[in-house]
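Worksheet: the structure to be examined is printed underneath.
The values are calculated or read from the model by the stated rules, or taken from the named source; none is laboratory data. Just so you know, these numbers come straight off a predicted model, no measurement behind them. All Cβ positions, even for glycine, are placed from backbone atoms using ideal geometry, and neighbour counts span all protein chains on display.
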Amino acid sequence: MRTYAVKPKTSGQRSYIRTTMARALESHSRDNVFVGTEYVNAAVGMTAGNVLGDAETWSLTKVQLMAIVRAIKVRRAKRKHGVWDVKASTATLLEWAWIEERVTLALRQAWHDEGRPWMCGCGDEINRSVIHFS
């Protein structure tokens, strides 16, 4: 199975992705964060194992990248609606945006490698009727 390298620059970025995955799993039953058992299993595996450890570079499969991107999108939506990350500073948000972009770029590369560049959108819009902001 092909893997893609994602290289967080700081421990804060590593922590952000780990926390994002944990929060997504916690809210999955209410918000239906992950569509499909494959992505739930990938998320559980990443949070329970050492996949998102302190290594300089993470080697992630396309399914893992898709799960992370979905969790990031939910976190952004919650942030936009003032539910999560309310007190995060601009500097912190910029640091998080950097790693979010790297994960998204790795997923885009996966789609291009499969010869399906039209998939790069990865469902940019979250189904807001499913997400609960309380």
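Each residue in the stretch 110-134 was checked for being surrounded by 17 or more Cβ atoms within 10 Å (Cβ to Cβ) and modelled with pLDDT of 85 or more, and 2 pass.
Those residues that are under 17 Å from Leu107 (Cβ atoms) and not in a helix (DSSP H, G or I), I need them from the stretch 1-27; list them, please. Within the stretch 1-27, Met1, Arg2, Thr3, Tyr4, Ala5, Val6, Lys7, Pro8 meet the criteria. Within the stretch 28-41, the set of residues being in contact (Cβ under 8 Å) with a residue 60 or more places away in the chain and assigned to a helix (DSSP H, G or I) comprises Arg30, Asp31.
Scanning the stretch 25-36 for residues that are surrounded by fewer than 17 Cβ atoms within 10 Å (Cβ to Cβ) and either small (Gly, Ala, Ser) or modelled with pLDDT of 95 or more (or both) yields Glu26, Ser29, Gly36. Checked against the criterion of being in contact (Cβ under 8 Å) with a residue 12 or more places away in the chain and in a helix (DSSP H, G or I), the stretch 49-61 has no qualifying residue. Does Ala77 count as aliphatic (A, V, I, L, M), out of contact with any Gly (no Cβ under 8 Å at 6 or more places or on another chain) and not in a helix (DSSP H, G or I)? For Ala77, the condition - aliphatic (A, V, I, L, M), out of contact with any Gly (no Cβ under 8 Å at 6 or more places or on another chain) and not in a helix (DSSP H, G or I) - is not met. Yes or no: the stretch 95-112 includes at least one residue that is outside any helix (DSSP H, G or I), hydrophobic (A, V, I, L, M, F, W, C) and over 21 Å from Val35 (Cβ atoms). Scanning the stretch 95-112, I find no residue that is outside any helix (DSSP H, G or I), hydrophobic (A, V, I, L, M, F, W, C) and over 21 Å from Val35 (Cβ atoms), so the answer is no.
Looking at the structure I just gave you, is Val69 more than 13 Å from Thr20 (Cβ to Cβ) and either of a type in the set (Val, Ile, Thr) or part of a loop (DSSP other than H, G, I, E, B) (or both)? Judged against the criteria, Val69 is not a match. If only residues of the stretch 71-80 that are among the basic types (Lys, Arg) and surrounded by fewer than 19 Cβ atoms within 10 Å (Cβ to Cβ) are counted, the one that is farthest from the chain's Cα centre (by Cα) is Lys80.
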